[in-house]
Amino acid sequence: MSGQAAGFVTADEAAYDELYDVRTEAMHSGNYIDVDPYPLMNAARERGAVHKGFLREVLGLPPFHRSRQVTEGRQGYSVLTFAAAEQAFRDNVRLSNRIYHMTPGDAKFLGILEMDEPEHFAQRKALQSLFIKPRAVGKWRDRWINDIVKAIIANLEGSDRAELNMALCARVPVHTISAAVGLRGEEALTYRRALVASMGGKFGPERQREGMITAERITREQIALRRKQPGDDIISWLLEAEVEMVDEPRRHLTEDEIATFCRLLLLAGGGTTWRQMGIVLFALLDERERWEAVKADRGLVEPAIQESMRWNPNNPMFSRLVVADAEIGGVAIPAGSVVDICLSAANRDPSRWDNPDVYDLHRPFKQHIGFGMGVHMCLGRNVAESEMFVAINALMDHFPAMRLDPDQPRPFLTGGLEQRGISSLPVLLR
Ligand code: HEM
């Protein structure tokens with residue numbers, strides 16, 4: 001497959017600029033913050049594991065909540081230590097993922113992410129064989145990731161400089177997930193644009209509705225196509241998958257369930273890996289010895305990725321709706337409250353890691369919380385890790401002397417408290 005033909009590198013540059021700027025993304029979502037939140041998180045964690053108040057209140061940041069349709073009129077609590085965050089993620093009986101519910105009635109816009117047990121267990125079980133390790137690192141890599149990275153690297157070969165946030169980090173995840181559901185080139189970006197608009201934010205209700213309709217139309221077209229012509233792709237796999245819901249005979253997934261899962265995949269897998277890939281590359285390039293150490297010992301690529309997820313997870317917080325009186329980190333939390341779990345603060349808990357603010361390639365591995373924990377722990381984490389793994393190795397193979405461009409502004413972390421990433425990644429390739 002040629003990269004040009006596949007459309008990974010020729011697609012509309014302006015569309016990438018619009019969709020893949022971390023600061024603009026936060027501005028559009030209304031959640032941009034202009035401070036480094038880590039000193040605030042560290043100070044709050046020192047004052048206690050769990051605080052009354054939404055995370056932004058506790059940190060003294062301007063108000064915003066990604067689940068504002070649910071949080072209005074409720075009491076917030078914020079969880080900041082590793083132990084308390086783990087407890088909150090694992091208490092999936094009293095702490096509910098209904099916090100994500102954003103459509104009227106029971107229809108689930110975000111599929112398994114907004115389900116509780118036993119529905120969540122049954123649905124996730126039906127899907128997870130597409131993501132477990134051998135399949136993720138084998139099939140996803142062979143089928144899509146390797147070719148996409150190869151096409152993007154080939155496009156960079158003729159250049160001396162590049163802006164890797166746009167040229168690589170933005171492209172690998174969106175084209176991987178889109179190709180997996182059958183979308184190519186421009187179509188992938190049209191879908192991404194529609195999906196981003198469908199989440200609301202600054203675009204307003206009209207663009208939100210249009211976005212939902214476009215995303216829905218594209219997914220349904222793909223499902224109809226795969227029904228007629230099954231292939232080796234996610235939708236064809238999902239058409240074969242069976243689910244065993246409580247009190248129901250075993251059955252295939254409905255078209256609605258497949259469409260919803262595709263939407264969740266495109267949403268969950270597109271933005272997160274883009275931002276995290278930028279963060280890990282920045283960590284490696286910002287201190288030359290790290291880049292050289294990993295280049296010399298590729299066994300360090302995996303630790304480099306994991307450490308970036310601990311040091312700067314691109315999604316610093318997730319929330320839960322408390323549906324029965326709970327106790328987290330010794331603090332009683334009444335039913336009806338909302339809990340903001342701060343992954344970033346938990347990942348820098350000094351009772352678990354030495355010098356937690358430092359990105360340390362050689363740190364002995366301890367499970368971080370960057371992919372969440374418990375029953376909703378990221379289903380696509382092996383895919384995300386594979387994308388970063390293949391991209392970092394390819395860069396090191398093709399551009400061993402690569403370094404941050406000294407003539408460009410030094411990259412920095414930016415965004416909101418809900419999602420963070422790198423400002424840009426200008427490099428000299430040779
Ligand atoms: C570095 C990249 C990624 C990060 C940091 C990340 C992080 C997370 C986190 C923290 C959750 C749990 C949210 C919660 O408990 O409320 C989650 C869930 C999920 N992620 Fe990821 N994710 C990444 C990439 C991906 C990719 C590439 C895919 C798809 C291929 C994906 C698919 C999902 C799905 C389907 C869920 C819902 C799981 C469930 O509810 O059972 N993610 N992700």
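Residue 272 accessible area, nearest 10 Å², 1.4 Å probe?
Result for residue 272: roughly 40 Å² accessible.
Carbon and sulfur together cover what percent of the accessible area of region 3-425 at a 1.4 Å probe radius?
53 percent
What does the charge count near residue 335 come to, summing +1 for each Lys or Arg and -1 for each Asp or Glu among other residues with Cβ under 13 Å from its Cβ?
Net charge around residue 335: +1.
Taking springs between alpha-carbon atoms closer than 10 angstrom, which of 57, 418, 240 fluctuates most in the Gaussian network model of the chain?
Answer for the Gaussian network model of the chain: 240.
Suppose the Debye formula is applied to equal point scatterers at every Cα of region 3-425; what is log10 I(q)/I(0) at q = 0.09, 0.11, 0.12, 0.14 Å⁻¹?
-0.54, -0.84, -1.01, -1.42
How charged is the neighbourhood of residue 198? Take every other residue with its Cβ under 9 Å from the Cβ of residue 198, and add Lys/Arg as +1 and Asp/Glu as -1.
In short, +1.
Tell me what the chain gives for mean residue ellipticity at 222 nm when only DSSP H runs of n ≥ 4 count, each as -39,500 (n - 2.57), the sum divided by the residue total, rounded to 500 deg cm²/dmol.
Estimated from H runs of four or more residues: -14000 deg cm²/dmol.
With springs only between Cα atoms under 10 Å, which of 53, 105, 416 fluctuates most in a Gaussian network model of the chain?
The residue that fluctuates most here is 105.
Which shape class applies to region 66-130: rounded if a/c is under 1.5, otherwise prolate when a/b exceeds b/c and oblate if not, where a ≥ b ≥ c are the square roots of the Cα gyration tensor eigenvalues?
Taking the square roots of the gyration eigenvalues as a ≥ b ≥ c, region 66-130 is oblate.
Quote the convex hull volume per residue of region 222-342, based on C-alpha atoms, as a whole number of Å³.
Hull volume normalised by residue count: 200 Å³.
Over the chain, give the accessible area per residue in Å² for a 1.4 Å probe, as an integer.
41 Å²
Take every Cα pair under 8 Å in region 3-425 that's 6+ residues apart, average their separations, divide by the length, and report that relative contact order as a whole percent.
Computed over region 3-425, the figure is 27 percent.
Just add up the charged neighbours of residue 100: K/R +1, D/E -1, any other residue whose Cβ is under 10 Å from the Cβ of residue 100.
Result for the local shell: +3.
Hydropathy at least 0.0 by Kyte-Doolittle, axial extent at least 24 angstrom from the Cα trace: which helices of the chain, defined as entire DSSP H runs, fit?
255-286, 381-398
The values are calculated or read from the model by the stated rules, or taken from the named source; none is laboratory data. What you are looking at is a predicted structure, and each value in this text was computed from that prediction instead of being measured. Quick reminder, even Gly has a Cβ in these numbers, built from the backbone with ideal geometry, and neighbours come from all protein chains shown. Please note that ligands, DNA and RNA were not included when accessible areas were found on the heavy atoms of the full protein model with its side chains. Shrake-Rupley method; radii C 1.70, N 1.55, O 1.52, S 1.80 Å.
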